[in-house]
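Okay, structure first, notes after.
The values are calculated or read from the model by the stated rules, or taken from the named source; none is laboratory data. Computed from a predicted structure; not experimentally measured. Note that we place each Cβ from the backbone using ideal geometry, even for glycine, and neighbour counts take in every protein chain shown. Heads up: the accessible areas ignore ligands, DNA and RNA and are worked out on the full protein's heavy atoms, side chains in. Shrake-Rupley method; radii C 1.70, N 1.55, O 1.52, S 1.80 Å.
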Amino acid sequence: QVQLVESGGGLVQPGGSLRLSCGTSGIIFSNYAMGWYRQAPGKQRELVARIFTTGNTYFADAVKGRFTISRDNAKNTVYLQMNSLKPEDTAVYYCNAMRSTINYWGKGTLVTVSS
């Protein structure tokens with residue numbers, strides 16, 4: 001049974017930082033590209049960042065220079081470090097594991113950026 005479990009969300013003031021974690025089980029983690037998506041109220045889910053099996057990364061323009069993504073294959077975990085947070089970063093953040101046409105999703109963790 002595949003499980004992706006996000007943690008680390010919460011309430012943070014503008015300019016603050018949070019680190020999200022996504023622990024996985026049931027997959028060969030090192031074989032999957034891992035990503036973080038987010039969905040704000042009334043908006044479509046969007047890709048925020050992805051880290052490939054090679055270690056190469058992709059970031060959406062909205063978060064470049066503020067967010068970093070990393071993975072620990074020994075711990076089957078992917079991280080999203082979010083700095084200089086803005087109110088527009090408020091969303092539910094979802095972890096994604098992708099290999100070819102296979103996609104697995106976590107249930108999400110809420111990040112609220114507000115003073």
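Restricting attention to the stretch 102-115 and to residues that are open to solvent by 70 Å² or more (accessible area, probe 1.4 Å) and assigned to a loop (DSSP other than H, G, I, E, B), the residue that is farthest from residue 85 (Cα to Cα) turns out to be 107.
Quick grid of which residues meet (1) closer than 14 Å to residue 96 by Cβ; (2) polar (S, T, N, Q); (3) in contact with a helix residue (DSSP H, G or I) (Cβ under 9 Å, 6 or more places away or on another chain):
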position	(1), (2), (3)
24	yes, yes, no
28	no, no, no
34	yes, no, no
37	yes, no, no
45	yes, no, no
61	no, no, no
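Among the residues of the stretch 24-38, those identified as of a type outside the set (Ser, Thr, Tyr) and over 11 Å from the mean Cα position of the chain (by Cα) are 26, 27, 28, 29, 31, 33. Restricting attention to the stretch 32-55, the residues that are open to solvent by 70 Å² or more (accessible area, probe 1.4 Å), part of a strand (DSSP E or B) and polar (S, T, N, Q) total 0. Taking the criterion of being open to solvent by 40 Å² or more (accessible area, probe 1.4 Å), in contact (Cβ under 8 Å) with a residue 60 or more places away in the chain, more than 16 Å from residue 10 (Cβ to Cβ) and assigned to a strand (DSSP E or B), the residues of the stretch 56-101 that qualify are 98, 99.
Can you find a residue in the stretch 24-31 that is open to solvent by less than 70 Å² (accessible area, probe 1.4 Å) and assigned to a strand (DSSP E or B)? There is at least one residue in the stretch 24-31 that is open to solvent by less than 70 Å² (accessible area, probe 1.4 Å) and assigned to a strand (DSSP E or B).
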